[in-house]
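**Q** I have a structure I would like to understand better, so I am pasting it below and will then ask my questions one at a time.
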Amino acid sequence: MKYFTWINIRLAMMIAVIIGLFSFTSYRNERRKIKKTEVVFVGENTLFLKPEMVNKLLIEKNKELKTINKVDLDLRELEKSVNKQEMIQKADVFVSVDGVLKAVVKQKTPVGRVFDETGSFYIDCEGNKMPLSENYTARVPLVSGEINVVNKEKLSEVLKMITQDDFLKKNIIGLQVLPDGSLIMENRNYDFQIDFGRTINIEKKFKNYKAFFQKAVSDSTLNKYKRINLKFTKQVVCIK
């Protein structure tokens, strides 16, 4: 019986030591001062923001950052503040074990650029507004017309398909949204108008356009057309 009691005592002592060490380590970690900030950009689009722009968001509410204990930082509020930046799609903010305040940032992806009476801005891949950047200008299709009458997700789907396809990206440089929500597109090298119609059957319409274009190039007939109608999914109607 004594044997088992001694084992229990030793086990209790070991648990107490482990708890004590854990508590001491946690206390030291919480009282660790912030050494510096670090901004890491991830993804393909890393040109619109500079690290110092994000860094400013990290320190604007904590100007004496190096005197602040890790436990006193409100990381949730900091992350919320960084995510409010209109060029940022998602940001994760945390403190590393060595006391570095880090922000891992994914920037938004522009797929179109709008010009209207209020000025100019990008449309991102989710259909939301994105401000222009002083650091970099994206080469994306220009968008004009009644953009508010068309579903923003559908419009961004059209623009994404253009920017992600090598042929379409080189071929289509702009689109206009008509009052009824249908689209007219502009070709880079030819004067014909592309009547895309409403934002339905998007993939099929682009597939038809690419097939038509390749056939017309081989026949040397592209310069003869003034209008290419893609509204019908089973045929392309061309007007000379």
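The values are calculated or read from the model by the stated rules, or taken from the named source; none is laboratory data. All of these numbers come straight from a predicted model, not from anything done at the bench. In this analysis, Cβ positions are derived from the backbone assuming ideal geometry, glycine residues included, and neighbour counts consider all displayed protein chains. Accessible surface is based on the protein model in full, side chains and every heavy atom, while ligands, DNA and RNA are left aside. Shrake-Rupley method; radii C 1.70, N 1.55, O 1.52, S 1.80 Å.
**Q** Given a 1.4 Å probe and heavy atoms of the protein chains only, how would you sort F212, F192, F94, largest accessible area at the top?
**A** These residues rank, largest area first, as F94, F212, F192.
**Q** My understanding is that a pair violates if its Cα-Cα distance is over 27 Å; which of K35/K84; K106/K169; K160/K224; K152/K231; K106/K152 do that in this structure? Provide the component values of the computation, followed by the final result.
**A** Values: K35/K84 25 Å; K106/K169 23 Å; K160/K224 29 Å; K152/K231 20 Å; K106/K152 21 Å.
Those over the limit are K160/K224.
**Q** Could you state how much accessible area Y136 has, in square angstrom rounded to the nearest 10, with a 1.4 Å probe and all protein chains kept in place?
**A** Looks like 90 Å² after rounding.
**Q** Another question, then. With every protein chain kept in place and ligands, DNA and RNA left out, what is the accessible area per residue of region 163-240? Probe 1.4 Å, answer in Å².
**A** 60
**Q** Cα to Cα, under 14 Å, and not fewer than 8 places away if on the same chain: which aspartates and glutamates meet these conditions relative to K129?
**A** Qualifying aspartates and glutamates at Cα under 14 Å: E86, D116, E153.
**Q** Taking 1 over the mean of 1/r across every pair of different Cα atoms in region 190-240, what Kirkwood radius in Å do you get?
**A** 11.0
**Q** Going from most exposed to least, what order do I173, I88 have by accessible area with a 1.4 Å probe?
**A** Per-residue accessible area, sorted high to low, gives I173, I88.
**Q** Given a cut-off of under 8 Å on Cα pairs at least six residues apart, what relative contact order in percent is computed for region 160-240?
**A** On the way: 118 pairs, mean separation 18.1, N = 81.
Across region 160-240, relative contact order equals 22 percent.
**Q** If you add up the charges near V150, with Lys and Arg at +1 and Asp and Glu at -1, over every other residue whose beta carbon is less than 13 angstrom from its beta carbon, what do you get?
**A** -1
**Q** Okay, next question. Give, in whole angstrom and from largest to smallest, the semi-axes √(5λ) of the equivalent ellipsoid of region 90-194, with λ running over the eigenvalues of the Cα gyration tensor.
**A** 33, 15, 12
**Q** Here is a further query. Would you list D195, D166, D92 from the most to the least accessible area, probe 1.4 Å?
**A** Highest to lowest solvent-accessible surface, that is D166, D92, D195.
**Q** Once you have the Cα-Cα distance between L142 and E38, take 0.36 nm times their residue separation minus that, and quote the gain in nm to one decimal.
**A** 33.9 nm
**Q** Below 14 Å, Cα to Cα, which aspartates and glutamates can K234 reach? Residues fewer than 8 away in the same chain don't count.
**A** By straight Cα distance, K234 reaches E203.
**Q** Does anything in region 159-203 have its amide N under 18 Å from the 7 Å Cα→Cβ label point of K106, and if so which residues?
**A** Answer for region 159-203: 160-161, 164.
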